[in-house]
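Chemist: Quick one: the structure is below, questions incoming.
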Amino acid sequence: MGDTVTRLYRSIEAGMEYCFNIESSGRLSDAELENLKLVLADGFLPDTVSPSPALTGERVVEVGPRLNFATAWSSNMVSICRAIALDKVTRVERSRRYFVPDSEDMEQFVAEHHDRMTECPYPEPLTTFETGIKPEPVYEVDLKNGGPDALLDIPGISMDEWDRNFYYEYFVTRHQRNPTIVEIMDLNNANSEHSRHGFFRGRQIIDGVEQKKTLFELVTDTLHANPKGSVIAFKDNSSGVQGHEISTILPEKPGEPSKFSAATVHYHVIFTAETHNFPTGVAPFPGAETGTGGRIRDIQGTGKGGLVIAGTAAYCVGNLHIPGYELPWEQTFDHPDNLASPLKIEIEASNGASDYGNKFGEPLVQGFTRSFDMRLDNGERWGFLKPIMFTGGIGQIDARHTNKDEELKGMKIVQVGGPAYRVGFGGGAASSMLQGENVSELDFDAVQRGDAEMEQKMNRVIRACNEMGDKTLIDVIHDQGAGGPGNVLKELVEHSGGRIEIRNIRVGDPTMSVLEIYVAEYQERNGFLIRPENIEQFQAICDREKVACEVLGEVTGDLRFVVHDELDGSTPVDLELSEVLGNIPQKTFEDRRLDPQLTQLALPTDLGVRDALHNVLRLVAVGSKRFLTNKVDRAVTGLIARQQC
């Protein structure tokens, strides 16, 4: 990290200014500072940027991004600086300075003007971005002496009793060793409900009677009953239906500067959908934007690579309690202190999803929203306490790319995308916990970071390979999501095995431990298997698009997954894939039906049509959605026939 932090200021409005905290590897010259002022200025007017603050005094407060990782804004600013030969600049973070009126409480003002999950107050001017964090060494979890319940002492673990016994049997009984903390946290994510759907695939016993089929089988029965037109289903990152030949234009030399020519290709239609609930509840804007980004990567990771077209989004929250807008059915209930308010989620989550789509270049063309939270006569509370952030995406895929190739020994294990940061740590496991199991302080680890521009760079690499048709350089692709590299890299070689070097992963924060590098859910990354003879050409395309290409290791064919650390020669992870991923016994779940004792609907005798209609139209699910649709351009790409608004 650099040793120098320079501060520049720009006034925004009365009582508020930006402070640009610029880290550099050495002192910036006067000429470099002038160029930097032009980059940071309002309308390229360097006089709008000053080395001195306009706001001073004891009533001035400053808030800005947490220092544990660089923001996406900083990453893009550093890229701009490097493009204009400001190579000394290593990080730029933008904080906000406010003058607090005498009539307002300063502590309350600060609380209301920053997001505690992604930002913090700056009690004094920044002089360094160093956090003082030292990487935690890899250690063993003592299951030999502590038994299966020793896993309960690890913060953030989402394993039930069945899981704990299973891993004790695997490590201690079968292999006579203790697992490393990296292996435990890896499996905690990889086999969580979020990632592996143990409940969905488990035996269901209701009122003492075992159900004939699992929930997953009930869903897949629809395909078995009517398979016509299906080309991808229940086996990849998206589903696909039969398309047709289309006329389009393709570059004559994909991945290189070349002219476009008319072409006829056979494209199928693909669709994917997912939810990003817990991260959106904790920090609505980044939670929703990374939910959108993750769903876009599902399209990219289909077959040998899909093409992104358009997205949808939806939000389900509790009672909104809009100030000055009372609704007769909205009751006030307790709200978890680790989740944002429903109103903030409704506004900021939609801002995040829309912002990501605009920056990436994917139009958001459709959606819905619901607000519901009530207590029944029997005392039960029904509502969207934990919010739902739903995102769906439409794409297309070359008919030649619908199936991934076989994982062959010697193929290179590659990742493309942004650097590693300490963000989204344990996200899959956190999402798998029951509401109320999370410790509030741990939720900061689940906060994520979106960088749509980085994802678009990666997208152009994938698109270049797609446009090569049957000569594509990609044999296997999977998207990185919950569980980070630990999850996606094992998915790449699940039927073959592989070995990687953990230090080949590019880190944006040198204080990260091996555990954090391996399982944190930093975004905008995909994993690939590339044949050795194609790796040089693939890297050249990545260089052209200014996105990192990390060759981490290769396919081994021994059905083991090994992580090596060249710094100390250790192997933090050494697992048999078939035992910890493929052949996990089916879980059993027992439930019983409850009679909610609902009463029949009884309308008030004095309720008229006008009043009833007035109430119905004020439901957020029924009334105007302009607050969702009129905030951004929903026709980005120019291929949308009609906007929602």
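Chemist: Suppose the filter is surrounded by 14 or more Cβ atoms within 10 Å (Cβ to Cβ) and without any contact (Cβ under 8 Å) to a residue 40 or more places away in the chain; does SER239 pass it? Even if it seems obvious, please write down each step before you answer.
Modeler: Working: surrounded by 14 or more Cβ atoms within 10 Å (Cβ to Cβ): yes; without any contact (Cβ under 8 Å) to a residue 40 or more places away in the chain: yes.
So SER239 fits the description; yes.
Chemist: Could we say that ILE249 is among the aliphatic types (A, V, I, L, M), within 20 Å of THR472 (Cα to Cα) and surrounded by fewer than 14 Cβ atoms within 10 Å (Cβ to Cβ) here?
Modeler: On the way: among the aliphatic types (A, V, I, L, M): yes; within 20 Å of THR472 (Cα to Cα): yes; surrounded by fewer than 14 Cβ atoms within 10 Å (Cβ to Cβ): yes.
The answer is yes for ILE249.
Chemist: Quick check, is ASP42 under 35 Å from the mean Cα position of the chain (by Cα), open to solvent by 60 Å² or more (accessible area, probe 1.4 Å), among the charged types (D, E, K, R) and closer than 19 Å to ILE80 by Cα?
Modeler: Working: under 35 Å from the mean Cα position of the chain (by Cα): yes; open to solvent by 60 Å² or more (accessible area, probe 1.4 Å): yes; among the charged types (D, E, K, R): yes; closer than 19 Å to ILE80 by Cα: yes.
In short, yes.
Chemist: For region 60-119, what are the residues that are of a type in the set (Val, Ile, Thr), touching a residue at least 24 places away in the same chain (Cβ under 8 Å), within 21 Å of LYS457 (Cα to Cα) and assigned to a helix (DSSP H, G or I)?
Modeler: ILE80
Chemist: Next up: For the subset of region 515-541 comprising residues that are assigned to a helix (DSSP H, G or I) and β-branched (Val, Ile, Thr), which member is nearest to PHE425 (Cα to Cα)? Quick ask: steps written out before the conclusion?
Modeler: Of region 515-541, the ones assigned to a helix (DSSP H, G or I) are 515-519, 532-541.
Filter once more, keeping what is β-branched (Val, Ile, Thr): 517, 519, 535, 541.
On the way: ILE517: 9, VAL519: 7, ILE535: 30, ILE541: 30 Å.
Among them, the one singled out is VAL519.
Chemist: Tell me, please, whether a residue that is under 27 Å from the mean Cα position of the chain (by Cα), basic (Lys, Arg), assigned to a loop (DSSP other than H, G, I, E, B) and at pLDDT below 90 can be found in region 572-588. Working first, answer last.
Modeler: As a first pass, look at region 572-588 and keep what is under 27 Å from the mean Cα position of the chain (by Cα): 572-575, 577, 580-582, 584.
Narrowing the set further to residues that are basic (Lys, Arg) leaves none.
Within region 572-588 (the criterion being under 27 Å from the mean Cα position of the chain (by Cα), basic (Lys, Arg), assigned to a loop (DSSP other than H, G, I, E, B) and at pLDDT below 90), the answer is no, since none of the residues qualifies.
Chemist: Give me the pairs, please: first residue somewhere in region 537-551 and over 11 Å from ILE462 (Cβ atoms), second residue anywhere and assigned to a strand (DSSP E or B) and modelled with pLDDT of 95 or more, beta-carbon distance under 6 Å, and either six or more positions apart or on two chains.
Modeler: From residues that are over 11 Å from ILE462 (Cβ atoms), the pairs are GLN539/CYS549; CYS549/VAL416; GLU550/GLN415; VAL551/LYS412; VAL551/VAL414.
Chemist: Please determine, by comparing only the residues of region 365-374 that are over 14 Å from PHE627 (Cβ atoms) and in contact with a Gly (Cβ under 9 Å, 6 or more places away or on another chain), which one is most open to solvent (accessible area, probe 1.4 Å). Reasoning before the result, please.
Modeler: Going residue by residue through region 365-374, those that are over 14 Å from PHE627 (Cβ atoms) are 365-366, 370, 372-374.
Filter once more, keeping what is in contact with a Gly (Cβ under 9 Å, 6 or more places away or on another chain): 365-366, 372-374.
Values: VAL365: 48, GLN366: 119, PHE372: 85, ASP373: 16, MET374: 69 Å².
Only one residue fits best here, namely GLN366.
Let's see how each residue does on (1) in a strand (DSSP E or B); (2) aliphatic (A, V, I, L, M):
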position	(1), (2)
ASP236	no, no
GLN242	yes, no
ILE249	yes, yes
GLY255	no, no
ALA262	yes, yes
VAL265	yes, yes
VAL269	yes, yes
GLU274	yes, no
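Chemist: Hey, another quick one. Look through region 253-301, keep the residues that are over 21 Å from ASN459 (Cβ atoms), modelled with pLDDT under 95 and among the polar types (S, T, N, Q), and return whichever of them is most open to solvent (accessible area, probe 1.4 Å).
Modeler: Checked region 253-301; the qualifying residue most open to solvent (accessible area, probe 1.4 Å) is THR275.
Chemist: Given the options VAL547, VAL562, name the one that is modelled with pLDDT under 95 and farther than 20 Å from ASP405 by Cβ. Before the answer, list the steps.
Modeler: On the way: VAL562 fails: modelled with pLDDT under 95.
That would be VAL547, the only listed residue that is modelled with pLDDT under 95 and farther than 20 Å from ASP405 by Cβ.
Chemist: Please find, within region 555-578, the residue that is least open to solvent (accessible area, probe 1.4 Å) out of those that are of a type in the set (D, E, K, R) and over 18 Å from MET185 (Cα atoms). Break it down into steps so the answer makes sense when it comes.
Modeler: So in region 555-578, the residues of a type in the set (D, E, K, R) come out as 558, 560, 565-566, 568, 574, 576.
Subset that is over 18 Å from MET185 (Cα atoms): 558, 566, 568.
Numbers: ASP558: 84, GLU566: 113, ASP568: 107 Å².
Ranking the candidates gives ASP558 first.
Chemist: Same structure again: Please verify whether GLU34 is of a type outside the set (A, V, I, L, M), in a strand (DSSP E or B) and over 26 Å from PHE109 (Cβ atoms), treating the condition exactly as stated. Lay out the reasoning, then the answer.
Modeler: Values: of a type outside the set (A, V, I, L, M): yes; in a strand (DSSP E or B): no; over 26 Å from PHE109 (Cβ atoms): yes.
In short, no.
Chemist: Which of the residues belonging to region 447-474 are acidic (Asp, Glu) and open to solvent by less than 10 Å² (accessible area, probe 1.4 Å)? Walk me through how you get there before you give the answer.
Modeler: Quick first cut of region 447-474, residues acidic (Asp, Glu) only: 451, 453, 455, 467, 470.
Across region 447-474, the qualifying residues are ASP451, GLU455.
Chemist: For region 67-112, which positions are open to solvent by 80 Å² or more (accessible area, probe 1.4 Å) and over 21 Å from LEU28 (Cα atoms)?
Modeler: Hits for region 67-112 are PHE99, ASP102, SER103, ASP105, GLU107, GLN108, GLU112.
Chemist: Here is a further query. Taking the criterion of being open to solvent by 40 Å² or more (accessible area, probe 1.4 Å), under 35 Å from the mean Cα position of the chain (by Cα) and of a type in the set (A, V, I, L, M), would at least one residue in region 604-613 satisfy it? If you could, list the steps in order and put the result at the bottom.
Modeler: Pass one, region 604-613, residues open to solvent by 40 Å² or more (accessible area, probe 1.4 Å): 604-607, 609-611, 613.
Then drop every residue that is not under 35 Å from the mean Cα position of the chain (by Cα), which leaves none.
Within region 604-613, not a single residue is open to solvent by 40 Å² or more (accessible area, probe 1.4 Å), under 35 Å from the mean Cα position of the chain (by Cα) and of a type in the set (A, V, I, L, M).
Chemist: Further question on the same structure: Right, LEU489: out of contact with any Asp or Glu (no Cβ under 6 Å at 6 or more places or on another chain), open to solvent by 10 Å² or more (accessible area, probe 1.4 Å) and either in contact (Cβ under 8 Å) with a residue 24 or more places away in the chain or assigned to a loop (DSSP other than H, G, I, E, B) (or both) or not?
Modeler: On the way: out of contact with any Asp or Glu (no Cβ under 6 Å at 6 or more places or on another chain): yes; open to solvent by 10 Å² or more (accessible area, probe 1.4 Å): no; either in contact (Cβ under 8 Å) with a residue 24 or more places away in the chain or assigned to a loop (DSSP other than H, G, I, E, B) (or both): yes.
Criteria not met by LEU489.
Chemist: Right, something else. What residue, of PHE285, PHE260, PHE216, PHE199, is aromatic (Phe, Trp, Tyr) and under 29 Å from SER350 (Cα atoms)? Steps first, answer last, please.
Modeler: Details: PHE260 fails: under 29 Å from SER350 (Cα atoms); PHE216 fails: under 29 Å from SER350 (Cα atoms); PHE199 fails: under 29 Å from SER350 (Cα atoms).
PHE285 is the lone residue from the list that is aromatic (Phe, Trp, Tyr) and under 29 Å from SER350 (Cα atoms).
Chemist: Here is a further query. For residues that are farther than 27 Å from GLU289 by Cα and not hydrophobic (A, V, I, L, M, F, W, C), scanning just region 614-645, find the one that is farthest from the chain's Cα centre (by Cα).
Modeler: Here the answer is HIS614.
The values are calculated or read from the model by the stated rules, or taken from the named source; none is laboratory data. Bear in mind that the values here come from a model prediction, so they are computed numbers and not experimental data. Because the Cβ atoms are built from the backbone with ideal geometry, glycine has one as well, and the counts that use them run over all protein chains shown. Ligands, DNA and RNA are excluded from the accessible area calculation, which covers all protein heavy atoms including side chains. Shrake-Rupley method; radii C 1.70, N 1.55, O 1.52, S 1.80 Å.
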